[in-house]
Structures are given as structure tokens and as C-alpha cells.
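**Student:** I have a structure here, written as C-alpha cells, and I will follow up with some questions on it.
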Amino acid sequence: MNPRVISTKARFTNVFLLIQDGKGLLVDTGSRGQSGKIQKAITSAGLAITDLKYIFLTHTHYDHAGSAADLQALSGAKVIVHAREAGFLKNGFTPIPKGTSPGFKFISKMGKIKNSIERKVGSYPALIPDITFDHFLNLEELGFDAKIVHTPGHTEGSSSLIFADRAFVGDCLFNFAGTIYPGFADDELQLHKTWKQILEWEIKWFYPAHGKRVGMDQLKKAAGKKNIA
């Protein structure tokens, strides 16, 4: 039985709750201060906060990991993150990524020039992850008909959760301002390789952390514009 999915908006970040057999798995947590809103979404879905068993972070930028520590404390949920992101999570800080277009490159550059800005923006409550992985994590062992796959580029440890014909991809792609190509990527060449990888998946819908869902045909069209094939 596939999980059902509840989505909620934590400021400008999409947060997804997978529910299967009376237990929950959360994909991302938004920025700090969003735990109350997310807890309400969990209880409105018919679960107690202690029914949240796992929190999967697609990566550890402040707008994805910001409320993870609070939600972990409230629920006792185990936090899952790629091994390359674990150090950032323990430190409660992830640097601003590089831009992929002139406007985003300027934002990234200004943040790094003024280190105090980067520290203020990029910091969040630190925590120690419970489960880390390198390339792949089968969630069937945890009670969910889903899997997590490493999809780097936006960050070194960026990863996606897949079940059935849907994938929750964090910032591997966006969907706003008329584009689905991410405005930030620490390794843009690697991001292109990841797009080639996900174009081969048997996926109908991709759910980014920012903006509406993206269909496979829409992704193929965007990849063509970037000469990614």
C-alpha cells in the first residue's frame, strides 16, 4: 500500500508528510519557527505528533532544516540525511550555494562577501542525524514503500525521495518565475548529470520544495533548453 501524502507550506518551502500504516515520514521542515504549523498539519491529518517517526531532509539549507531540531524534540522522530550533509547539520550552518544565473550569482557573492549575512541567513538549530546514507536508502525496512536516492548538484548531499510515480526532489529543480532550473547549485555540472539521471526515472510527477509540481514532459522540455539530454 503506497503512502498517502499531505503537503503544507512552511513559509516559502513545501513540506510533505507521507503517511503509511498509521505512522508519518516528513520530507523537509522549512525554516526555523515552522514547527507549530507543521505539527498542526500532522495532527490535522489524523496523526499524533509522536506518530511522526522519521524526518528526511533533502539537504541542509536553512529553509529545509530550520525546524528539524524542534520537530525532532516534539516527536522523537529519527532524522535522515545524506552523509555529506551530516556535518552541516551538526554545526547548524550550511553555506549559501553558488548561483546559476547572473541574478542568483550576485546574491550568492554578496552573501559570501558579507560573512555575517551568510552566517545569519544560513544558520539554524543544530542536531545530530540518526540515519545517514551514501547513494541509496530503502525505506521498506522502516515501514514505507519508498526509497531515497542521492541526487547531488544543488548541494553535495542533495537527495530525493521516490515512491510509485512521484519524486520529492528538494531543490534539484524549482518551479517559479517561469523556470524549473534551480537558481543555486554548488556544482552545476553535477546538477546536469543528476538531471540526466532523473530523466530516466519512471516518474510522472516531481515535487520541488519551491513551487508547484513538475511533470516529466515539462522537465524534458527544460532539460532541452539547457542542452541536457
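**Student:** With respect to the numbered conditions (1) surrounded by fewer than 16 Cβ atoms within 10 Å (Cβ to Cβ); (2) without any contact (Cβ under 8 Å) to a residue 40 or more places away in the chain; (3) assigned to a helix (DSSP H, G or I), which one is the sole condition not fulfilled by HIS192?
**Tutor:** Just one mismatch for HIS192, condition (1).
**Student:** Restricting the search to segment 14-57, which residues are out of contact with any strand residue (DSSP E or B) (no Cβ under 8 Å at 6 or more places or on another chain), surrounded by fewer than 21 Cβ atoms within 10 Å (Cβ to Cβ) and within 17 Å of TYR124 (Cα to Cα)?
**Tutor:** If the condition is that a residue be out of contact with any strand residue (DSSP E or B) (no Cβ under 8 Å at 6 or more places or on another chain), surrounded by fewer than 21 Cβ atoms within 10 Å (Cβ to Cβ) and within 17 Å of TYR124 (Cα to Cα), then ARG32, GLY33, GLY36 are the ones that fit.
**Student:** Before we move on, is PHE206 of a type in the set (Phe, Trp, Tyr) and at pLDDT below 95?
**Tutor:** no
**Student:** If ARG119 satisfies every condition in (1) touching a residue at least 24 places away in the same chain (Cβ under 8 Å); (2) outside any loop (DSSP other than H, G, I, E, B); (3) under 15 Å from the mean Cα position of the chain (by Cα) but one, which is the exception?
**Tutor:** (3)
**Student:** To continue, here is another question. When you look at HIS154, is it crowded, with 16+ Cβ neighbours inside 10 Å, closer than 21 Å to THR94 by Cα and touching a residue at least 12 places away in the same chain (Cβ under 8 Å), yes or no?
**Tutor:** Here the answer is yes, as HIS154 does meet what is asked.
Condition check ((1) surrounded by 15 or more Cβ atoms within 10 Å (Cβ to Cβ); (2) out of contact with any strand residue (DSSP E or B) (no Cβ under 6 Å at 6 or more places or on another chain); (3) polar (S, T, N, Q)) across all residues:
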{"position": "ALA146", "(1), (2), (3)": "yes, no, no"}
{"position": "LEU161", "(1), (2), (3)": "yes, no, no"}
{"position": "GLY170", "(1), (2), (3)": "yes, yes, no"}
{"position": "LYS212", "(1), (2), (3)": "no, no, no"}
{"position": "ALA222", "(1), (2), (3)": "yes, yes, no"}
{"position": "ILE228", "(1), (2), (3)": "yes, yes, no"}
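**Student:** Another question, if that's okay. Restricting the first residue to segment 207-229 and requiring it to be over 16 Å from LYS196 (Cβ atoms) and touching a residue at least 12 places away in the same chain (Cβ under 8 Å), which pairs with a second residue that is acidic (Asp, Glu) and not in a helix (DSSP H, G or I) meet a Cβ separation below 9 Å and a spacing of at least six or different chains?
**Tutor:** These pairs meet every condition: PRO208/ASP171; ALA209/ASP28; ALA209/ASP171; HIS210/ASP171.
**Student:** Also, I was wondering about something else. Would it be correct to say that ALA185 is surrounded by fewer than 17 Cβ atoms within 10 Å (Cβ to Cβ) and modelled with pLDDT under 95?
**Tutor:** The answer is no for ALA185.
The values are calculated or read from the model by the stated rules, or taken from the named source; none is laboratory data. The model shown is predicted, which means the values in this text are computed figures rather than measured ones. Every residue, glycine among them, receives a Cβ derived from its backbone with ideal geometry; neighbour counts consider all protein chains shown.
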